[in-house]
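Step one of this worksheet: look at the structure below.
Every read-out reported here was derived from the displayed coordinates using simple, explicitly stated rules and does not represent laboratory data. Since the model is a prediction, treat every value here as computed from it, not as a measurement. With ideal geometry, Cβ positions are generated from the backbone for all residues, glycine too; neighbour counts draw on all protein chains shown.
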Amino acid sequence: MKQAKKQHNKKPPLGVGHGKPSGKIRIISGIHKGRKLPVLMAEGLRPTTDRVKETVFNWLMPYINQANCLDCFAGSGGLGFEALSRGAAQVTLVEIHRAAAKQLQANKELLKADNVTVINSDALSFLKEGPLKAEQAANTELPFDLVFLDPPFRKQLVEQAAQLLNSYGLAEEALIYVEMEAESTQVIPANWQLLKEKITGQVVYQLYQYQS
């Protein structure tokens with residue numbers, strides 16, 4: 001396309017994170033428009049709102065078709081499945097929480113999405129493995145040219161993942177979507193060019209372009 005160790009998450013609300021679906025996400029556009037997928041409300045899981053997703057995918061509209069996507073902290077899978085619905089060629093979902101990953105796999109099967117790969121792993125460990133090993137695990141063609149980076153807040157995970165992505169072997173001019181707390185002081189690599197930015201309440205979301 002031209003253009004840690006185990007993650008420490010926030011405590012879940014009472015009764016949440018015990019392996020049962022307790023909510024739904026909605027795919028807002030594309031071939032699966034309107035589909036609602038069960039969500040496991042696991043510890044630290046914070047689904048991106050429909051309002052934010054609509055803005056983000058408006059930004060990505062010229063680039064999403066046939067993109068090879070990586071969702072590093074997949075959680076509910078809201079971003080990855082939205083990308084799938086809008087024409088992404090491949091989507092790799094990486095999620096550390098075992099039950100949440102199992103729910104992602106179930107939703108993949110619900111959508112009959114053979115081009116989605118679910119990996120139950122710590123995102124930082126996945127990135128440390130590098131593209132060759134990751135390619136074997138995900139059974140997808142690398143490099144990734146669209147990355148979603150939306151980890152649990154206040155754990156400096158954006159900065160850590162960004163540093164690993166920078167040496168991972170992304171496609172030239174790959175796009176990286178970042179969502180983090182508005183007050184964050186995490187450092188973004190100097191070779192990532194900021195294309196879009198918006199702040200909603202306590203959350204900042206940004207679109208960067210990678211330059212090797």
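Figures for the structure shown
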item	result
Stretchable slack from SER167 to LYS155, in nm (0.36 nm times residue separation minus alpha-carbon distance)	2.2 nm
J(HN,Hα) series, segment 55-60, from Karplus relation 6.51 cos²θ - 1.76 cosθ + 1.60, nearest Hz, glycine and proline x	5, 4, 6, 5, 4, 8
Kirkwood Rh in Å, taken over segment 52-121 so that all alpha-carbon pairs contribute	12.0
Peptide ranges 24-37, 189-202 listed from the most packed, as the mean C-beta count within 10 angstrom indicates	24-37, 189-202
Residues whose placed amide H lies under 5 Å from that of VAL147, excluding near-sequence neighbours	LEU70, LEU175, ILE176, TYR177
Whole-Hz ³J(HN,Hα) from phi, Karplus 6.51 cos²θ - 1.76 cosθ + 1.60, for segment 194-201, glycine and proline x	6, 9, 9, 7, 8, 10, 10, x
Potential lengthening between LYS128 and ARG98 on full extension [0.36 nm per residue; Cα-Cα distance subtracted]	8.8 nm
Calculated FRET value between ILE31 and LYS196, using beta carbons and R₀ = 22 Å, to 0.05	0.30
